[in-house]
Amino acid sequence: MIGAERTLLSYLDAPVVIGDPDGRAVYANPAFELRFERAVGRVPGAPLAELFEGGAREAVLRAVVVACREGESVRFRLREGALGFSAVASPIAAQGEQVGVVILLKEEVEGVERVLALHREMEQPMDELGQVLQQLFELPADSREARLRSLLSDAQQALGRLRKGADEMHAMLTGSRDADPIARTKGAGSALRTEPSALLHRVAARAERTEGAAGRSIDVVAAPGLPTLPGDPNRLEALLLRLLEARLTPEATPLRIVLTARSVAGSWPALLISLCELGAQSTAPPDPPHLREEVAALGAELRAFSHAPLGRATLLRLRLPG
Amino acid sequence: MAAESPAGRVARLLAEGLELFGEGRVDQAVARWRVVLELDPAQQDALDYLESAGVPADAGDDGRARVREALAAADAGEAEQALALLSAATAQAPDDLDAQASFDLLRAQLYARYRARMGDGNARPRLSVEPDQLMRFDLPPEAGFLLSLLDGRTRVAELVTVSGLDPFAVLQLLARLEQDGIVELAA
């Protein structure tokens with residue numbers, strides 16, 4: 001970067017940091033020094049990790065890695081003390097190679113924070129409503145009338161649309177989704193593909209808030225960059241949540257839950273998603289018929305495996321294109 | 001083990017197998033020799049030992065048997081060995097969903113164990129040998145890449161993010177590097 005450009009950046013009111021592909025800072029403007037209380041003179045050559053604290057540090061490093069790897073801008077959010085920032089990390093390309101990344105941070109206005117708070121407040125009642133509807137829907141067939149079943153189905157679909165709208169609103173404001181703080185700025189067509197790692201993080205975050213989780217944390221083991229699945233991400237997300245709900249019943253022994261995803265070849269390319277319940281001593285309960293129907297509708301296969309004392313795993317095999 | 005050379009691993013597995021065989025723990029001995037054959041299908045010592053144990057050298061036609069062996073190894077506390085066997089079984093029969101599910105279950109078990117050992121991802125790994133001594137360890141490329149990211153301040157959870165690698169692979173590598181005395185984990 002030439003000196004004149006740096007001079008222009010120094011007049012910007014928004015904090016700017018420029019890094020190299022190795023994760024070292026090359027430049028930070030005075031606005032960054034002011035907001036983040038770092039001595040700009042000591043920035044060049046310092047690891048980017050040293051310029052940020054806690055969760056902000058991880059969010060920045062993730063964004064830099066993804067921006068450099070994929071050559072696309074990455075939006076994310078971070079907090080520094082009492083200040084909230086929406087940020088974008090954009091790769092700098094020269095002669096076909098990624099030679100650095102520029103991070104622009106924009107202080108969030110109060111209104112955005114308020115809408116985000118509203119979104120958080122909406123999530124719990126939506127989850128509760130979804131669970132109630134699901135329980136009603138799963139009542140034995142002879143105890144409900146066809147009309148009631150139809151109404152419940154309509155209500156579930158309406159709730160699905162509401163949740164989708166709320167999630168899109170959240171994503172528009174933050175460029176992020178739930179536990180996955182990074183959203184890539186891609187074309188509109190990318191909305192109908194499912195990125196496995198982000199999907200599992202969303203499912204884990206939602207499931208941890210349910211009563212059945214009983215305070216247990218859910219780990220996710222999925223490499224970034226797994227092949228994406230075609231189709232509506234909400235559909236698979238809903239299926240995995242129902243599978244978790246069917247498994248997450250309070251038990252005497254505290255269990256550790258791990259969600260895994262990986263791709264395999266086999267007769268056809270497939271994505272394997274497993275719900276692993278470590279230490280579970282019994283075989284998995286039979287899956288409700290509606291769950292099996294949903295799995296079949298996705299063209300997927302479900303397999304439960306158990307082995308004491310390891311635990312049990314419920315594996316979902318989904319066909320990948322190609 | 002990933003932090004040792006393939007030849008070193010073969011030698012270690014052969015020796016461990018003989019020791020286990022001598023102790024009457026035939027299943028575990030056979031499991032080790034089978035892993036050797038995964039690394040080098042023509043390894044004569046492993047073929048001879050299996051023949052001596054009265055076990056077919058090629059269990060490839062019977063993936064189920066290999067899964068059973070792996071689970072027996074896991075039950076005996078040999079989780080890493082079991083994972084290697086299941087990895088081989090699933091590579092050979094990728095459509096065997098029971099094998100795939102057991103592989104995922106064991107991986108999840110090991111992941112939780114590694115993570116607990118690393119302070120739930122909060123430990124800060126750092127080199128415990130001088131950088132110029134690393135050459136003598138004959139490390140695989142991914143281990144070298146991971147070591148290049150260590151600065152003593154970055155937490156394990158952040159390394160997983162920054163590396164872009166499979167989270168399980170990162171934790172497994174770090175655990176092995178620590179076991180080999182190449183890396184130490186600070187709180």
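The values are calculated or read from the model by the stated rules, or taken from the named source; none is laboratory data. Computed from a predicted structure; not experimentally measured. Here the Cβ is made from the backbone with ideal geometry for all residues, glycine too, and neighbour counts use every protein chain on show.
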Looking only at the range A:258-303, how many residues end up being facing chain B (nearest Cβ under 9 Å) and polar (S, T, N, Q)? 3
Some residue of the range A:241-249 being more than 14 Å from chain B (Cβ to nearest Cβ), exposed (fewer than 15 other Cβ atoms within 10 Å of the Cβ), at pLDDT below 80 and touching a helix residue (DSSP H, G or I) at 6+ places or on another chain (Cβ under 7 Å): yes
Check on B:VAL160, at pLDDT below 90 and either crowded, with 19+ Cβ neighbours inside 10 Å or among the basic types (Lys, Arg) (or both): yes
For the range B:14-118, please list each of the helices (runs of 4 or more DSSP H) lying entirely inside it that holds at least 3 residues being surrounded by 17 or more Cβ atoms within 10 Å (Cβ to Cβ), among the aliphatic types (A, V, I, L, M) and within 14 Å of another protein chain (Cβ to nearest Cβ). B:63-75, B:79-92, B:97-117
Kindly evaluate A:VAL88 against the criterion of being of a type in the set (A, V, I, L, M), modelled with pLDDT under 85 and not assigned by TED's automatic domain parsing to the domain that holds A:LEU162. no
Taking the condition in contact (Cβ under 8 Å) with a residue 24 or more places away in the chain and more than 11 Å from every other protein chain (Cβ to nearest Cβ), does A:ALA89 pass? yes
Exactly one of A:ALA270, A:ALA313 is surrounded by 12 or more Cβ atoms within 10 Å (Cβ to Cβ), hydrophobic (A, V, I, L, M, F, W, C), modelled with pLDDT of 90 or more and in contact with a helix residue (DSSP H, G or I) (Cβ under 7 Å, 6 or more places away or on another chain), and that one is A:ALA313
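Here is a yes/no grid of residues against (1) in contact with a helix residue (DSSP H, G or I) (Cβ under 9 Å, 6 or more places away or on another chain); (2) under 18 Å from A:ALA93 (Cβ atoms):
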{"site": "A:GLY19", "(1), (2)": "yes, yes"}
{"site": "A:ASN29", "(1), (2)": "yes, no"}
{"site": "A:PRO44", "(1), (2)": "no, no"}
{"site": "A:GLU50", "(1), (2)": "yes, no"}
{"site": "A:GLY55", "(1), (2)": "no, no"}
{"site": "A:LEU61", "(1), (2)": "yes, no"}
{"site": "A:VAL66", "(1), (2)": "no, yes"}
{"site": "A:GLU70", "(1), (2)": "no, yes"}
Tally up the residues in the range B:72-118 that are in contact (Cβ under 8 Å) with a residue 24 or more places away in the chain and not polar (S, T, N, Q), please. 26
For the range B:95-113, does any single residue satisfy the condition of being under 29 Å from A:ALA67 (Cα atoms) and out of contact with any Cys (no Cβ under 6 Å at 6 or more places or on another chain)? yes
Exactly one condition in (1) touching a residue at least 12 places away in the same chain (Cβ under 8 Å); (2) closer than 19 Å to A:GLU108 by Cβ is false for A:LEU48; which is it? (2)
What single numbered condition from (1) in contact with a helix residue (DSSP H, G or I) (Cβ under 7 Å, 6 or more places away or on another chain); (2) free of Cβ contacts under 8 Å to residues at least 24 places away in the same chain fails to hold for B:ASP166? (1)
Residues of the range A:22-61 classified as within 13 Å of chain B (Cβ to nearest Cβ), assigned to a loop (DSSP other than H, G, I, E, B) and crowded, with 18+ Cβ neighbours inside 10 Å, total: 2
Within the range A:282-308, the residues that are out of contact with any Ser or Thr (no Cβ under 6 Å at 6 or more places or on another chain), loosely packed, with under 15 Cβ neighbours inside 10 Å and over 15 Å from A:ARG242 (Cβ atoms) are A:SER282, A:GLY299, A:ALA308
Can you tell me which of (1) at pLDDT 80 or above; (2) surrounded by 17 or more Cβ atoms within 10 Å (Cβ to Cβ); (3) within 14 Å of chain B (Cβ to nearest Cβ) is the one A:LEU255 doesn't meet? (1)
Subset tally (residues that are buried (at least 21 other Cβ atoms within 10 Å of the Cβ) and either touching a strand residue (DSSP E or B) at 6+ places or on another chain (Cβ under 8 Å) or at the interface with chain A (Cβ under 9 Å from one of its Cβ atoms) (or both)) for the range B:124-146: 1
Do we find that A:SER306 is at the interface with another protein chain (Cβ under 10 Å from one of its Cβ atoms), among the small types (Gly, Ala, Ser) and either outside any strand (DSSP E or B) or in contact with a helix residue (DSSP H, G or I) (Cβ under 7 Å, 6 or more places away or on another chain) (or both) in this structure? no
